[in-house]
Amino acid sequence: MFNGRVLIITGAGVSAESGIPTFRGKDGYWRNLDPTKLATPEAFARDPNLVWDWYRERRQRVRQAQPNSGHQAIAKLAVQAGEFLLVTQNVDDLYLRAGLPADKMVQIHGDIFMTRCSRCEFRRYEHEHDVGSLPKCPECGALMRPGVVWFGEQLDAAKIEIVENFMRGGDCKLVIVAGTTALFGYIIGWALRARGQTGQLIEVNPEETSLSQFATKSYREPAGTVLPRLVNELLSNINRVRRSIDCLQVAFRRPCDSSSGAG
Ligand code: APR
């Protein structure tokens, strides 16, 4: 097993090649509306039908989408790296469908299929189909809302704790930030803290972002192209190191084995 610690932070750009529009890209507009203005508590209070329509359409698009080579590469690394965490701002389930173990991922902005009560703690998962056009809570009768984090809302403390707990485990040899404009302070903060003094910070994004100035290397290409290449290179280096370690162990063990045999 590779013992290096790896943190990957991703955003909407990784799912773009699966046909899911990014938030700030030109295809992100929905019925001529800016998604960054729809994903707010104010928009929901003003017009819950409109916001629900948008989420239902997005849910349907996610259900029909397939994981792409970027998701698959991240899932492959997650399985083979020693200590690994993916922090994603994406609310879709494409990493899980690509085979990434659920305990190696935090969806820091929530899960698009979760529906929760806007008043009480009731929540339910609507993965297969949506329940009602303007759903009401079966417990308290209040309006149900998408269970995601909107602009201006607090992140889930339990999810922050998973990230912080991973950080406490030590610096990461490798931090990859892919497909995000990295507009939120916590995204840049986690990336910089995780790499510590010596870790590599790799950015994968066709565009320059506010994170670029801190990156040890930036790939200005789509995630679906770069990530499989990067992960394969990384895993072949790791396997080479592992084989060298195995050879050294065998070489050192030989004299001991023969002496114990002779004794
Ligand atoms: N590969 C890699 N990066 C890409 C690709 C691609 N194929 N296509 C687009 N990108 C990049 C864009 O250059 C952009 O920097 O992905 C980024 C997408 O940015 P945003 O739409 O701002 O998405 P994200 O950074 O995930 O937004 C963060 O803001 O709206 C909220 O909660 C929402 O989770 C979202 C958060």
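The values are calculated or read from the model by the stated rules, or taken from the named source; none is laboratory data. Everything numeric in this text was worked out from a predicted model, so none of it was measured. Using ideal geometry, Cβ is built from the backbone for each residue, glycine included, and neighbour counts are taken over all protein chains shown.
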Subject >> Single residue of the stretch 225-246 satisfying the filter (crowded, with 21+ Cβ neighbours inside 10 Å and more than 13 Å from L174 (Cα to Cα)) that is nearest to the chain's Cα centre (by Cα) >> reply: L227
Original post:
Here are G152, G196, G132: which of them is within 16 Å of the ligand (Cβ to nearest atom) and on the phi > 0 side of the Ramachandran plot?
Top reply: G152
Original post:
Only one of (1) out of contact with any Leu (no Cβ under 7 Å at 6 or more places or on another chain); (2) assigned by TED's automatic domain parsing to the domain that holds G224 is not met by R58, so which one is it?
Top reply: (2)
Original post:
Checking A158 against (1) modelled with pLDDT of 95 or more; (2) over 28 Å from Q60 (Cβ atoms); (3) surrounded by 13 or more Cβ atoms within 10 Å (Cβ to Cβ), which test does it fail?
Top reply: (3)
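Yes or no: I176 assigned to a strand (DSSP E or B), closer than 30 Å to G4 by Cβ, touching a residue at least 40 places away in the same chain (Cβ under 8 Å) and assigned by TED's automatic domain parsing to the domain that holds G13? Give the derivation first.
Numbers: assigned to a strand (DSSP E or B): yes; closer than 30 Å to G4 by Cβ: yes; touching a residue at least 40 places away in the same chain (Cβ under 8 Å): yes; assigned by TED's automatic domain parsing to the domain that holds G13: yes.
Yes: the conditions hold for I176.
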**OP:** Might you let me know whether the stretch 64-84 holds any residue that is touching a strand residue (DSSP E or B) at 6+ places or on another chain (Cβ under 6 Å) and closer than 19 Å to Y125 by Cβ?
**Re:** no
Original post:
Within the stretch 181-198, is there a residue that is modelled with pLDDT of 95 or more, among the small types (G, A, S), within 23 Å of V79 (Cα to Cα) and in a helix (DSSP H, G or I)?
Top reply: yes
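Can you confirm whether the stretch 170-180 contains a residue that is over 22 Å from E203 (Cα atoms) and polar (S, T, N, Q)? Even if it seems obvious, please write down each step before you answer.
Looking only at the stretch 170-180, we keep the residues that are over 22 Å from E203 (Cα atoms), and these are none.
No, every residue in the stretch 170-180 fails to be over 22 Å from E203 (Cα atoms) and polar (S, T, N, Q).
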Original post:
Of the residues that sit in the stretch 60-95 and are surrounded by fewer than 22 Cβ atoms within 10 Å (Cβ to Cβ) and among the charged types (D, E, K, R), which one is farthest from the ligand (Cβ to nearest atom)?
Top reply: E83
